[in-house]
1. With respect to Ile31, is the statement that it is in contact with an Asp or Glu (Cβ under 8 Å, 6 or more places away or on another chain) and either among the charged types (D, E, K, R) or surrounded by 16 or more Cβ atoms within 10 Å (Cβ to Cβ) (or both) true?
2. Taking the residues in segment 89-111 that are surrounded by fewer than 16 Cβ atoms within 10 Å (Cβ to Cβ) and in a loop (DSSP other than H, G, I, E, B) as candidates, determine which candidate is modelled with the highest pLDDT.
3. Do the conditions hold for Asn75, that is, is it of a type outside the set (D, E, K, R) and more than 22 Å from Glu41 (Cβ to Cβ)?
4. Can you find, within segment 37-50, the residue that is surrounded by the fewest Cβ atoms within 10 Å (Cβ to Cβ) among those that are closer than 21 Å to Val10 by Cα and out of contact with any His (no Cβ under 8 Å at 6 or more places or on another chain)?
5. In segment 112-130, which residues are farther than 15 Å from Leu90 by Cβ, under 12 Å from the mean Cα position of the chain (by Cα) and part of a helix (DSSP H, G or I)?
6. In the list Leu5, Leu38, which residue meets the criterion of being aliphatic (A, V, I, L, M), touching a residue at least 40 places away in the same chain (Cβ under 8 Å) and in a strand (DSSP E or B)?
7. Without any contact (Cβ under 8 Å) to a residue 40 or more places away in the chain and over 24 Å from Val130 (Cβ atoms), is that true of Asp88?
8. Output the number of the condition that Ile86 fails; it satisfies all remaining conditions of (1) in contact with a helix residue (DSSP H, G or I) (Cβ under 7 Å, 6 or more places away or on another chain); (2) surrounded by fewer than 21 Cβ atoms within 10 Å (Cβ to Cβ); (3) of a type in the set (Val, Ile, Thr).
Amino acid sequence: MKRILLLHGVNLNMFGKRDSSQYGAITLEEINAKIGELAAELGCEVECFQSNHEGEMVERIQGAHEEDVDAVVINPGAWTHYSYAIRDALEILKVPVIEIHMSNIHAREEFRQFSVIASMSKGQITGFGVESYLLGLRAAWALIKDSQ
């Protein structure tokens, strides 16, 4: 069975408590449940991981390199804009990486409009709320199927 690693970055454990105009009212647990439902429908396995600690996130990405992971979907949160450590960890991977964001980072404050992660990603999905996660999973699945 194909495996996809879904990474939630810093502060994303606070979905449901953060600015609802940007992120809606959905919680991280509800997002993960929707991901699980879609994974079952697609016939793939998804592991969800969230951390507020940059080193932990880097170590999880490095672990993906050693494991049988077929794709990575990542919402880096604020790390999007400045974490070269996460960017460099993603660069090690030999599998497709999809960058996602609930809000449209390109329509927000100037500092949020640049992603250091984008150059390591096959593509970026932003601005569709929880649908960004589902579209990201579908994109990863399509890339995996196309590479078979």
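1. No: the conditions fail for Ile31.
2. For segment 89-111, the residue satisfying everything is Lys94.
3. Answer is no for this residue.
4. Keep residues of segment 37-50 that are closer than 21 Å to Val10 by Cα, which gives 46-50.
Next cut, out of contact with any His (no Cβ under 8 Å at 6 or more places or on another chain) only: 46-47.
Numbers: Val46: 21, Glu47: 15.
Applying the filter and picking the extreme gives Glu47.
5. Within segment 112-130, just Val130 meets the criteria.
6. None of the others qualify; the one that does is Leu5.
7. Considered against the rule, which asks whether it is without any contact (Cβ under 8 Å) to a residue 40 or more places away in the chain and over 24 Å from Val130 (Cβ atoms), Asp88 comes out as yes.
8. (2)
The values are calculated or read from the model by the stated rules, or taken from the named source; none is laboratory data. Bear in mind that the values here come from a model prediction, so they are computed numbers and not experimental data. Note: ideal-geometry Cβ built from the backbone for every residue, glycine included; neighbour counts use all protein chains shown.
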